[in-house]
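Peer 1: Below are the structure tokens for one structure; questions will follow.
The values are calculated or read from the model by the stated rules, or taken from the named source; none is laboratory data. This structure is a prediction, so every number in the text was calculated from the model and none was measured. Cβ sites come from the backbone with ideal geometry, for glycine too, and all protein chains shown count toward neighbours. Calculation scope for accessible area: heavy atoms of the full protein, side chains included, ligands and nucleic acids excluded. Shrake-Rupley method; radii C 1.70, N 1.55, O 1.52, S 1.80 Å.
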Amino acid sequence: MNQRLRNVLLFFAMFLIPFALWATDRQAGTWKMNMEKSKFASDMPAPKGETVVIEEQEGGLKVVSNGLNSEGKPTHFEYSVKYDGKEYPLTGTPAVDAIAITKIDASTIETIRKKNGAVVTTNTTVISKDGKTRTNTFHGKNAARERRTWIVIFDRQ
């Protein structure tokens, strides 16, 4: 191999490959709910599980969630959203019809979920430093309009 080609390959290996890895959205991946670590509000029936597949797309994310509710019935929702704070449609659940996401930093996003224009929940999602845990802290209200908070932990698969 000639010296010039070797230098070009070395350049790619040293600079472009690490940059491409760094540029990957930390939210992206397959995440499985950790039931033992998650803490649901006392007046809230806990689901039996959930797996979320998040794909990076230009300026945002595509999210597909499949799980089992507290009665063991299948649940599903999905959406594609940009990190611009604007509302995008969410399909698959009667409780929410729109979602808006803002990126705070490389590991943190804030999400607002709405139904007919009214905020249903707000949550902060943080990816751990090692990239293995996704922590969602939700804030919402129960049927009596009392504030409640719950935390859902997901492990990277």
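Peer 1: Hey, can you tell me all the residues within the range 41-61 that are closer than 21 Å to K132 by Cα and not charged (D, E, K, R)?
Peer 2: Scanning the range 41-61 gives G49, T51, V52, V53, I54, Q57, G60, L61.
Peer 1: OK, next. Please go through (1) under 14 Å from the mean Cα position of the chain (by Cα); (2) open to solvent by 50 Å² or more (accessible area, probe 1.4 Å); (3) under 23 Å from K141 (Cβ atoms) for K82 and return the number of the only condition it doesn't satisfy.
Peer 2: With respect to (1) under 14 Å from the mean Cα position of the chain (by Cα); (2) open to solvent by 50 Å² or more (accessible area, probe 1.4 Å); (3) under 23 Å from K141 (Cβ atoms), K82 is out only on (3).
Peer 1: Still on this structure, please answer the following. Of all residues in the range 106-155, count the ones that are open to solvent by less than 50 Å² (accessible area, probe 1.4 Å) and among the small types (G, A, S).
Peer 2: So the answer is 4.
Peer 1: Turning to a different aspect of this structure: Among the residues of the range 20-46, which ones are exposed (fewer than 15 other Cβ atoms within 10 Å of the Cβ) and not in a loop (DSSP other than H, G, I, E, B)?
Peer 2: Step one: of the range 20-46, the residues exposed (fewer than 15 other Cβ atoms within 10 Å of the Cβ) are 20-24, 30, 35-37, 39, 42-45.
Selection gives A20, L21, W22, A23, T30, K39.
Peer 1: Right, here's the next one. Give all pairs with beta carbons closer than 7 Å in which a residue from the range 77-91 that is farther than 20 Å from E50 by Cα meets a residue that is of a type in the set (K, R) and open to solvent by less than 50 Å² (accessible area, probe 1.4 Å); count only pairs at least 6 apart in sequence or on separate chains.
Peer 2: Hits for this filter: E87/K114.
Peer 1: Would you check which residues across the range 52-68 are surrounded by fewer than 15 Cβ atoms within 10 Å (Cβ to Cβ) and within 14 Å of F154 (Cβ to Cβ) and list them?
Peer 2: none
Peer 1: Answer with yes or no whether P94 is open to solvent by less than 50 Å² (accessible area, probe 1.4 Å) and over 16 Å from the mean Cα position of the chain (by Cα).
Peer 2: Values: open to solvent by less than 50 Å² (accessible area, probe 1.4 Å): no; over 16 Å from the mean Cα position of the chain (by Cα): yes.
No; evaluated as a whole, the condition is false for this residue.
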